[in-house]
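Working notes, structure below.
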Amino acid sequence: MPVSYSIDPRTSVIHTRLTGAMDADDVRAHFDQLLADPACPPRLFVLMDAMKLGSIPTTAMIQLTRDLVAKGSKRVKFEAVAVAASDPAHFGMFRVGQVLLESVFGPTQVFRDLASARAWLDSQRVVRKA
């Protein structure tokens, strides 16, 4: 599965891992699984790890993500999103996504390494009193 996740119930951080080739069906399946997961808290801080992503996200996939997040907003509120993407093409597309998704995801930042993404997300948790 190209999209996997784990949720830390203590911090409300979801660590989402993107690996290999990913398409729109994978994005849809991820949100279906997450919204049906009884362990999913009502608010989440997202650490998105795209360091091993093989395919480049498309604008259509970003728009689909926006629509799915908006549709599921009664179930879960996304407080902030930190993305780690070292590949230049991935980094660039996630920056495009940052602009398109902030309206549904809240503050969103893209980083070139996981440690920086995690540190920024931790600071957002403090600001938003998680």
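Residues that are modelled with pLDDT of 95 or more and at positive phi: does the stretch 8-31 have at least one?
yes
Return the residue satisfying two criteria in turn: it lies in the stretch 94-105 and is surrounded by fewer than 18 Cβ atoms within 10 Å (Cβ to Cβ) and in contact with a strand residue (DSSP E or B) (Cβ under 9 Å, 6 or more places away or on another chain), and of such residues it is modelled with the highest pLDDT. Talk me through it step by step, then tell me what you get.
As a first pass, look at the stretch 94-105 and keep what is surrounded by fewer than 18 Cβ atoms within 10 Å (Cβ to Cβ): 95-96, 98-100, 102-103.
So of that shortlist, the ones also in contact with a strand residue (DSSP E or B) (Cβ under 9 Å, 6 or more places away or on another chain) come out as 95, 98-99, 102.
Details: ARG95: 96, GLN98: 93, VAL99: 91, GLU102: 91.
Out of the qualifying residues, it is ARG95.
If you go through the stretch 6-50 one residue at a time, how many are touching a residue at least 60 places away in the same chain (Cβ under 8 Å), in contact with a Ser or Thr (Cβ under 9 Å, 6 or more places away or on another chain) and part of a loop (DSSP other than H, G, I, E, B)?
0
Can you tell me which residue in the stretch 56-93 is surrounded by the fewest Cβ atoms within 10 Å (Cβ to Cβ), limited to those that are acidic (Asp, Glu) and closer than 22 Å to ASP32 by Cα? Can you show your working first?
Pass one, the stretch 56-93, residues acidic (Asp, Glu): 67, 79, 87.
Restricting the remaining residues to those that are closer than 22 Å to ASP32 by Cα gives 67, 79.
Values: ASP67: 13, GLU79: 21.
Step by step, filter the stretch 56-93, then rank; the result is ASP67.
What's the total number of residues in the stretch 35-50 that are among the hydrophobic types (A, V, I, L, M, F, W, C), under 15 Å from the mean Cα position of the chain (by Cα) and surrounded by fewer than 17 Cβ atoms within 10 Å (Cβ to Cβ)? Break it down stepwise before answering.
Narrowing the stretch 35-50 to residues among the hydrophobic types (A, V, I, L, M, F, W, C): 35-36, 39-40, 44-48, 50.
With the extra rule that they be under 15 Å from the mean Cα position of the chain (by Cα), the set shrinks to 35, 40, 44-48, 50.
Subsequent filtering for residues that are surrounded by fewer than 17 Cβ atoms within 10 Å (Cβ to Cβ) retains 35.
Matching residues across the stretch 35-50 total 1.
With the requirement that a residue be part of a helix (DSSP H, G or I), touching a Ser or Thr at 6+ places or on another chain (Cβ under 8 Å) and of a type outside the set (A, V, I, L, M, F, W, C), what does the stretch 51-102 give you?
ARG66, GLY97, GLN98, GLU102
The values are calculated or read from the model by the stated rules, or taken from the named source; none is laboratory data. Given the structure is predicted, the values throughout are model-derived calculations rather than measurements. All Cβ positions, glycine included, derive from the backbone under ideal geometry; neighbour counts span all protein chains shown.
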